[in-house]
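Shown next, in structure tokens, is the structure this report addresses.
The values are calculated or read from the model by the stated rules, or taken from the named source; none is laboratory data. All values reported here derive from a predicted model rather than from experimental measurement. Cβ sites come from the backbone with ideal geometry, for glycine too, and all protein chains shown count toward neighbours.
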Amino acid sequence: MRFMPRPLFLLATGLLCSVLSACASRPTDLRESGEVFDPYEGTNRSIHAFNRGVDKVAFRPASKGYVTVVPAPMVTSFSNFAENLSMPGRFVNALLQGDLKVAGNALARFTMNSTIGFAGLADPATEFEVPQVDTDFGETLHVWGFDEGAYVELPLLGPSTSRDAVGILVDFFTNPIGYAENLPADNIETYAEIVRRMGNRGNYSDTVDAILYESADSYSQSRLIYLQNRRFQLGQSDEASEIDPFELNTEGF
């Protein structure tokens with residue numbers, strides 16, 4: 001099934017973003033101090049417990065089995081394929097942010113990897129020193145001046161903020177690759193992303209397990225790691241944690 005964009009959806013997304021920004025913005029003193037704004041902690045902890053359960057009984061064993069059975073070069077190729085499919089969406093976000101250089105890098109990477117990179121299974125763009133591009137609509141909203149809002153944990157997707165949650169929704173519907181004709185499968189970008197995250201979960205299994213199952217408070221630990229790294233990525237902090245498993249969204253599908 002293919003989802004088609006609708007003006008009403010874009011309008012609803014804009015309204016939702018406005019509501020989240022207005023209702024869940026942090027007080028100025030907290031925003032400046034870099035502290036955590038988590039007014040929904042009770043609900044978030046319940047979702048975190050659900051996510052841990054899904055990870056423990058399904059995603060963790062499936063991911064470990066995947067990286068055990070599938071040769072490492074193939075795991076990397078599938079990850080490259082998913083990364084390449086996301087590049088048109090990153091190109092759009094770079095344009096919306098007014099960053100033509102990053103947009104050009106995204107377009108160059110997609111063109112090069114889609115052609116001489118065997119539909120994205122290989123990554124010749126990196127060999128030719130085309131910079132990596134990692135952006136999303138959450139970052140676009142940041143550039144536009146929206147506050148990160150409250151911390152939220154999303155079912156299956158894991159740590160986020162109200163702003164980034166809106167970004168995830170918009171990115172899902174607005175990646176141009178999803179509306180291209182003659183794709184080998186509907187929603188192929190979604191399936192590819194699931195496989196990519198399985199590879200990440202399997203490859204970083206020890207690190208993620210230490211956070212989810214060995215820390216005294218896995219919720220607080222994952223929240224801290226996510227916010228530190230997200231703020232660093234957006235240039236809001238001078239420090240980032242050494243390991244960033246949740247940048248990979250390893251807790252969810």
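A few notes on this one:
- Checking each residue in segment 62-75 for being within 26 Å of Ala125 (Cα to Cα) and surrounded by fewer than 16 Cβ atoms within 10 Å (Cβ to Cβ) picks out Pro71, Ala72, Pro73, Met74.
- Unique residue being over 20 Å from Lys56 (Cα atoms) and either under 14 Å from the mean Cα position of the chain (by Cα) or not β-branched (Val, Ile, Thr) (or both) when the list is Thr126, Thr161, Thr174: Thr161
- Any hit, segment 58-67, residues being of a type outside the set (Ser, Thr, Tyr), touching a Phe, Trp or Tyr at 6+ places or on another chain (Cβ under 7 Å), modelled with pLDDT of 95 or more and over 22 Å from Ser215 (Cα atoms): no
- The one condition from (1) crowded, with 19+ Cβ neighbours inside 10 Å; (2) not in a loop (DSSP other than H, G, I, E, B) that Thr126 does not meet is (1).
- Restricting the first member to segment 87-116 and to residues that are surrounded by fewer than 18 Cβ atoms within 10 Å (Cβ to Cβ) and part of a loop (DSSP other than H, G, I, E, B), and the second to residues that are modelled with pLDDT of 95 or more and of a type outside the set (D, E, K, R), the beta-carbon pairs closer than 7 Å and six or more apart or on different chains are Ile116/Pro124.
- Just one of the listed residues (Asp136, Asp123, Asp209, Asp186) is of a type in the set (D, E, K, R), modelled with pLDDT under 95 and on the phi < 0 side of the Ramachandran plot, namely Asp186.
- Residues of segment 140-158 satisfying the condition of being on the phi > 0 side of the Ramachandran plot and within 14 Å of the chain's Cα centre (by Cα): Leu156, Gly158
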